[in-house]
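First up is the structure itself, then whatever we jot down about it.
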Amino acid sequence: MTVADRTVEGEAPAGRVDLAVAAVAGISRAHAQRLIGDGRALVDGRTRRASDRLAGGERITVELSAPPDETLAPESIPLVVAYEDDDMLIVDKPAGLVVHPSAGHGSGTLVNALLGRARDRGEPLGSIAGVGRPGIVHRLDKETSGLIVVAKTDAAQASLMRQFGERSVDKEYLALVRGEPPAHRGRVEAPIGRDPRDRQRMAVTAGGRESVTDYEQLASGGGYGLLALHPRTGRTHQIRAHLAYLGLPIAGDLRYGGGEGPGGLRRQFLHAARLGLERPSDSARLRAWCELPADLAASLETAGVRVAPGRLPDGVGAEVAT
């Protein structure tokens, strides 16, 4: 395999085109399918369908970059960084910050902040996720706070997207729910799709996509329970939909039935507190964490939920396994 001018080329293994593109470019199958659909992955110089079959030995060419979107403006928005090296950074995203521009959010997003930071430091951002998502590897809902991974280079972005696609990234969220789960620890295995009664919501539906979330109750009090959640799949609104399905809506989650949270909280008490992944530069295991933001900490105290020492992350930081 050779890499030049942000283009990857290699010999195709036998089988489906999308699997061949993923193998040659070192990316997830879903990412490969997007590139195929955009005409940025070619077989012997021609476009093919993702489901087409290859005999093996064909030449795969994958364009892993995209021209910059000149409509995206760099902005000076402060960011709290839990970890940074030459290839990536991990940001502690505050609630209220949209990850990337979309309808109704053309500015003031994390992407605008990243572009401003890259401009000020003279650094690149990965470009393989598309022109509107420089550096973006995954996303968090607007009102969900916590850790989000950003790639500075195309190679790092491909590595990180592959890890998320292969479900090898360890993710831990903290959520305050109304009620208590049926067991101290458990797993929710229920398919998630668009709610047929409300297209703005996701719900457990018979025709939905496979979705798995593990949970552990850390503490309870005042009719609330604090859960540590480990999503094993990455569906839209997965944790919010799974908890609503259990009859344990997240406090403050007005869309999913959680109602106003303790202390007047009007955003979901959901925080991406910890994650673990392989550092793209050397495959060393990296672990990052960030503490509850002030509004969630105050809401937890108002609810009267007392958590044992050491169960919640302290400060913001990261460490590399040695």
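The values are calculated or read from the model by the stated rules, or taken from the named source; none is laboratory data. In this text the structure is predicted, and so the values were computed from the model without any measurement. Quick reminder, even Gly has a Cβ in these numbers, built from the backbone with ideal geometry, and neighbours come from all protein chains shown. For accessibility, only protein heavy atoms count, side chains too; no ligands or nucleic acids. Shrake-Rupley method; radii C 1.70, N 1.55, O 1.52, S 1.80 Å.
Per the 1.4 Å probe, what fraction of the accessible area of the chain, in percent, lies on carbon and sulfur atoms?
That share works out to 47 percent.
If I stretch the segment between residue 80 and residue 14 completely, what's the gain in nm (0.36 nm per residue apart, minus their alpha carbon distance), one decimal?
Additional length available on full extension: 19.2 nm.
Using only the heavy atoms of the protein chains and a 1.4 Å probe, how would 184, 271 rank by accessible area, largest first?
Accessible-area ranking of 184, 271, largest first: 184, 271.
So for the stretch 207-297, considering every pair of alpha-carbon atoms, how many percent are separated by more than 20 Å?
Value for the stretch 207-297: 44 percent of Cα pairs lie more than 20 Å apart.
Measuring from the lowest to the highest alpha carbon on each principal axis, how far does the stretch 122-182 reach, largest first, in angstroms?
47, 24, 18
With all pairs of different alpha carbon atoms counted, what Kirkwood hydrodynamic radius in Å does the stretch 207-250 show?
That comes to 11.2 Å for the stretch 207-250.
If one computes the Cα centroid of the stretch 265-322 and of the stretch 138-175, what distance in Å separates the two points?
What the calculation gives is 14 Å, centre to centre.
Sticking with the crude label model, points 7 Å out along Cα→Cβ, report the distance from residue 297 to residue 199 in nm, one decimal please.
4.2 nm
In Å, what is the Rg of the alpha-carbon atoms in the stretch 98-240, and how long is Dmax?
Calculated on Cα positions, Rg and Dmax stand at 17.5, 52 Å.
Which residues does a label at residue 260 reach in the stretch 173-197, if reach means a backbone N under 20 Å from a point 7 Å past the Cα toward the Cβ?
Answer for this model: 176-179.
Assuming 0.36 nm per residue, please report the length gained on full extension of the stretch residue 183 to residue 232 beyond their Cα-Cα distance.
Full extension of this stretch gives 15.8 nm more.
Which of the peptides 26-37, 49-60 is most tightly packed, and how do the rest follow, going by the mean number of other Cβ atoms within 10 Å of each residue?
In descending order of packing, they fall as 26-37, 49-60.
Given the convex hull over the Cα atoms of the stretch 93-142, what projected area results after averaging over all orientations, in nm²?
Averaged projected hull area, Cα only: 3.6 nm².
Would you mind calculating the relative contact order of the chain from Cα pairs under 8 angstrom and at least 6 residues apart, reporting the percent as a whole number?
Worked out over the chain, it gives 14 percent.
Cα convex hull of the stretch 1-159: how many Å³ per residue?
117 Å³
Sum up the charges of everything whose Cβ sits under 12 Å from the Cβ of residue 50, counting Lys and Arg as +1 and Asp and Glu as -1, but leave residue 50 out.
Local net charge: +3.
Could you order the peptides 204-214, 239-249 from most to least packed, using the average number of other C-beta atoms within 10 Å per residue?
239-249, 204-214
For the stretch 17-171, report the accessible area per residue in Å² (1.4 Å probe, heavy atoms, rounded to an integer).
Accessible area per residue: 43 Å².
With no solvent and one point on each alpha carbon, what is the Debye value of log10 I(q)/I(0) for the chain at q = 0.07 Å⁻¹?
The calculated log intensity ratios at q = 0.07 Å⁻¹ are -0.31.
Over the alpha-carbon set of the stretch 78-180, work out the extent along each principal axis and list the three values in angstrom, largest first.
Sorted from largest, the Cα extents of the stretch 78-180 read 49, 32, 25 Å.
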